[in-house]
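See below for the structure under consideration.
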Amino acid sequence: MRPRPPIQGRGIFSGTGIIIACLAATLVALVLPFWSYEDRSGTDADVLNAETVATLYGPLSGLDREFLTKVRLAGLWELPAGQQAQAKGTTEAVRTAGRHLVEGHTFLDERVRTVAAQLGLALPNEPDDQQKAWLEQLDAARDVDYDRKFANILRLAHGRVFSVVAQVRASTRNALVRGLADDANATVLDHIRILEATGYVDFDALARDMAATGAAPTAAPPGPAADPGQVVPLTPSPERSHPLPPARDRPADPVVSADTVSPAGRVALHEAGALRAGVLRRSIVSFSRTTT
């Protein structure tokens, strides 16, 4: 018998097959959004819930604990770097930046140790490897090379922690961490501005470094403990004494001679003064409204 010729339009590529495939794809697209992220393990919400512990001051997340550790670590190396800048800096602007680091991190270290004690958290007592390497670079530098490295290394470090402060302040549910984030935000911003006022910050190199060294995910520090251990206070060298700012306030603006500051530094100082003046005006207006 002669073979029957194939019947056109049958199989998966027929009109009916294409319609069925389109309907199946539409059904999948409708169902997938209802597969909630909270119902799957390993998602951001799942990790947040797993790393969060209850405290008297509100839930304490893994990011909150990482923030306290970073504040403590920053003081462990930036306070000595500030003391060193006061002795090795070749310009008044660099020495003033060093004074701000000493004042700011003496203040923040007291705050973070108090908050950690209230939450039962352990804190480190020495800088990490990267921070130790930065201190070694500063130890070896001299004269203008020191000024340049001091301004750029410290500005890079403050830029990295600044983003963490903002994230914590926006998301924390813990009252103590929220207050510490307010203090850290004001202090870190003050340090960023005073470092830029030295005139040595290379913003192009800074942008490249920030882009190349994105924050890598790290395990959250341990939660509250009955005995978190002793946290050694940071204390400036006895031969130098500076008044500390009041709680939840930033250090005072520097007194820097215009002759020792570059044009870029003068612009940064002007912006810092304008920012403070704006905050003061808003505070006066707010107070007047509440008293009338």
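The values are calculated or read from the model by the stated rules, or taken from the named source; none is laboratory data. The shown structure was predicted, so the numbers you read here are calculated from the model rather than taken from an experiment. Every residue, glycine as well, gets a Cβ built from its backbone with ideal geometry; the counts of neighbours run over all protein chains shown. Accessible surface is based on the protein model in full, side chains and every heavy atom, while ligands, DNA and RNA are left aside. Shrake-Rupley method; radii C 1.70, N 1.55, O 1.52, S 1.80 Å.
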- request: Could you order Y200, Y146, Y57 so the one with the most accessible surface comes first? Probe is 1.4 Å.
  value: Y57, Y200, Y146
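For W77, W134, write out the residues from largest to smallest accessible area, computed with a 1.4 angstrom probe and no ligands counted.
Details: W77 0, W134 25 Å².
So the residues, ranked largest to smallest area, are W134, W77.
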Set of lysines near K132 by C-alpha distance (under 17 Å), chain-local residues within fewer than 8 positions excluded: K70, K149
- line: Carbon/sulfur accessible area of segment 104-159, % of total, 1.4 Å probe, equals 45 percent
message: Sort I153, I20 by heavy-atom solvent-accessible area, probe 1.4 angstrom, most to least.
response: I20, I153
query: From the backbone phi of segment 150-159, what are the Karplus-calculated ³J(HN,Hα) couplings (6.51 cos²θ - 1.76 cosθ + 1.60, θ = phi - 60°) in whole Hz, Gly and Pro given as x?
result: 4, 5, 7, 5, 5, 5, 4, 5, 5, x
message: Quick one: 3J(HN,Hα) in Hz for segment 174-187, Karplus 6.51/-1.76/1.60 with θ = phi - 60°, rounded, Gly and Pro as x.
response: 9, 5, 5, 5, 4, x, 5, 5, 4, 5, 5, 4, 5, 5
message: Explain nothing, just the number: dipole magnitude of segment 144-192 about its Cα centre with +1 on each Lys and Arg Cβ and -1 on each Asp and Glu Cβ, in debye rounded to the nearest 20.
response: 220 debye
query: What is the packing order of peptides 101-112, 154-165, taking the mean over residues of other C-beta atoms within 10 Å and listing the highest first?
result: 101-112, 154-165
Segment 86-98 - phi-based ³J(HN,Hα) in whole Hz, Karplus 6.51/-1.76/1.60, Gly and Pro as x: 5, 8, 9, x, 8, 10, 5, 5, 5, 5, 5, 4, x
- prompt: Just the accessible area for I19, please: 1.4 Å probe, Å², rounded to the nearest 10?
  reply: 100 Å²
